[in-house]
Amino acid sequence: TTILGFILRIWHLGTYDLWVDEIWHAYSAFVGIQKNSFNQSLEIYKNAPSTTLITYWVGQVFGFKSEALLRLPFVILGTSLIPLGYITGKVLKNEKVGLIFAYIIAFSPVLIIYSREIRFYSIILLIT
């Protein structure tokens, strides 16, 4: 289930251009790297600093070569919700509930879309 969920999230990941909020995160991270200061990134775009921080790290390691590379950490975070959902369901009730919960997370169109964006959605879902 986790592998299928990952494939659904990564499929054609770099096909679409960045949209407005994603551009702000990428741009602020890019400027921060150019000025060698993450604080400079936050001066440009203060919304969801954790998202900008992740984008900043990805930009430092891989550069800003493709949309897919910038979005990849959020795919990984979103995919990690699948086994976490299984464990939560198993602990709260039983293994069957855990599997149902994992399937819902893996194949939910909304969660797939959220995992494919440079936004804080995956982070929020992971910590709640």
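The values are calculated or read from the model by the stated rules, or taken from the named source; none is laboratory data. The model shown is predicted, which means the values in this text are computed figures rather than measured ones. FYI the Cβ positions are ideal-geometry reconstructions off the backbone, even for glycines, and counts take in every protein chain you see. The protein model used for the area step is the full one, side chains on, heavy atoms only, and it has no ligands, DNA or RNA in it. Shrake-Rupley method; radii C 1.70, N 1.55, O 1.52, S 1.80 Å.
Below are the figures for this structure:
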| item | result |
| --- | --- |
| Candidate set from region 1-31 (those that are in a helix (DSSP H, G or I) and of a type in the set (S, T, N, Q)); member that is surrounded by the most Cβ atoms within 10 Å (Cβ to Cβ) | S28 |
| Qualifying residues in region 98-128 (those that are under 25 Å from V58 (Cα atoms), among the β-branched types (V, I, T) and part of a helix (DSSP H, G or I)) - the one most open to solvent (accessible area, probe 1.4 Å) | I127 |
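Results for (1) at pLDDT below 95; (2) closer than 23 Å to Q34 by Cβ; (3) of a type in the set (D, E), shown as yes or no for each residue.
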| residue | (1), (2), (3) |
| --- | --- |
| F64 | yes, yes, no |
| G98 | no, no, no |
| L111 | no, no, no |
| S122 | yes, no, no |
